[in-house]
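Okay, so here's the structure we're looking at.
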Amino acid sequence: MAHRSGFVSIVGRPNVGKSTLTNALVGQKIAIMSSRPQTTRRLIRGIVTTPEAQLILVDTPGLHRPRTLLGERLNDQVRETWTTVDVIALCLPADELIGPGDRFIANQIVSMGRTPIIIIITKADKVSRETLAKRLLDAQMLAEQLGTSWASIIPVSANNGENIETLKTEFTVLLPEGPVLYLDGEVTDEPMEIAISELIREAALEGVSDELPHSIAVTIEEMGMREGRSQDRPLMDIHANLYVERDSQKSIIIGKGGSRLKHVGTKSRQGIEHLVGVPVFLDLRVKVAKEWQKDPKLLRRLGF
């Protein structure tokens, strides 16, 4: 059997389990996770290498009705990705009925007309077998309503691993023949600075109000190994800014006496040290960038 390689776009509306699924397929965490909708803001490529194939999984932001310039740009990014991949995997959660947002996305990807589409019923472990069977039937009916057919419909659970290997096999069959694109052992092509900023943002998302998560952005201003340290006592210095849109949000992030910001630093530093493999000194500052989600100049400055 010839070696296969290619790109698979994992799509769906916000909070259907795309990032959790990507991490399960890769076998380790490369995308941050949160119960908050619209957590993913960047294209995250996870690399799965097997003897038969190399899958590059593109975890995209959830397609949604945008309320800001940032939202519009994220949606444009998702649609552009659809035109460049070999397979599209549409995630539909088992614990929810197919809704208008799901139908809108399904119609959008079907209208492209050329890319094989796999339906993934996520969160299969959260429902009974009877409910899961209904969701599979709903997915099939959706195809009939749209005048198309899915390459396959697969229920999965990223939590317990159900059908994860089956899904890899289904992706592989649909990929074109091609060479290895990334070195064996690589699990993502995400720059280190972006990965670190995302770990900080993930920690900052914990326990905040519904509005605040969308206003949080993180940039790495400076990072590098501290000079003058012996080889057996390395230390990486990281200076990061955490941006919000209003002074009241800044107070929430910092917390009483700086308690919440300290928690964010401690939590994120654990993940960063695991990522970089050395102890880390993290200097985290909170700044206000008023209405940055709507300001083109601020969006560019923050990497969007």
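Laid out as a table, the results:
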item: Verdict on Ile252 being among the hydrophobic types (A, V, I, L, M, F, W, C) and closer than 18 Å to Ile196 by Cα; result: no
item: Pairs where the first residue, in the range 247-264, is at negative phi and in the same structural domain as Phe281 (by TED's automatic domain parsing) and the second is of a type in the set (Lys, Arg) and not in a helix (DSSP H, G or I), C-beta under 8 Å, 6+ apart; result: Lys250/Lys287
item: Residues of the range 163-205 that turn out to be under 24 Å from Gln140 (Cβ atoms) and either outside any loop (DSSP other than H, G, I, E, B) or in contact with a helix residue (DSSP H, G or I) (Cβ under 6 Å, 6 or more places away or on another chain) (or both), as a count; result: 11
item: Those residues of the range 113-130 which are more than 18 Å from Pro14 (Cβ to Cβ) and in contact with a Lys or Arg (Cβ under 9 Å, 6 or more places away or on another chain), in sequence order; result: Ala124, Val127
item: Positions within the range 255-304 being among the aliphatic types (A, V, I, L, M) and either touching a Pro at 6+ places or on another chain (Cβ under 6 Å) or surrounded by fewer than 18 Cβ atoms within 10 Å (Cβ to Cβ) (or both), in sequence order; result: Leu275, Val276, Val278, Val288
item: Residues within the range 75-100 that are in contact with a Pro (Cβ under 9 Å, 6 or more places away or on another chain) and either farther than 25 Å from Ser157 by Cα or modelled with pLDDT of 90 or more (or both), tallied; result: 6
item: Any pair with Cβ under 8 angstrom, 6 or more apart, that starts in the range 102-125 at a residue that is in a loop (DSSP other than H, G, I, E, B) and ends at one that is among the aromatic types (Phe, Trp, Tyr); result: Thr115/Trp82
item: Residue in the range 214-269 that is modelled with the highest pLDDT, counting only those that are assigned to a loop (DSSP other than H, G, I, E, B), within 12 Å of Lys287 (Cα to Cα) and in contact with a Phe, Trp or Tyr (Cβ under 8 Å, 6 or more places away or on another chain); result: Glu245
item: Thr148 vs. criteria of a type in the set (Val, Ile, Thr), touching a Pro at 6+ places or on another chain (Cβ under 7 Å) and under 22 Å from Val85 (Cα atoms); result: no
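The values are calculated or read from the model by the stated rules, or taken from the named source; none is laboratory data. Small disclaimer: the values here were computed from a predicted structure and weren't measured. As a convention, Cβ positions derive from the backbone with ideal geometry for all residues, glycine included, and neighbour counts pool all protein chains shown.
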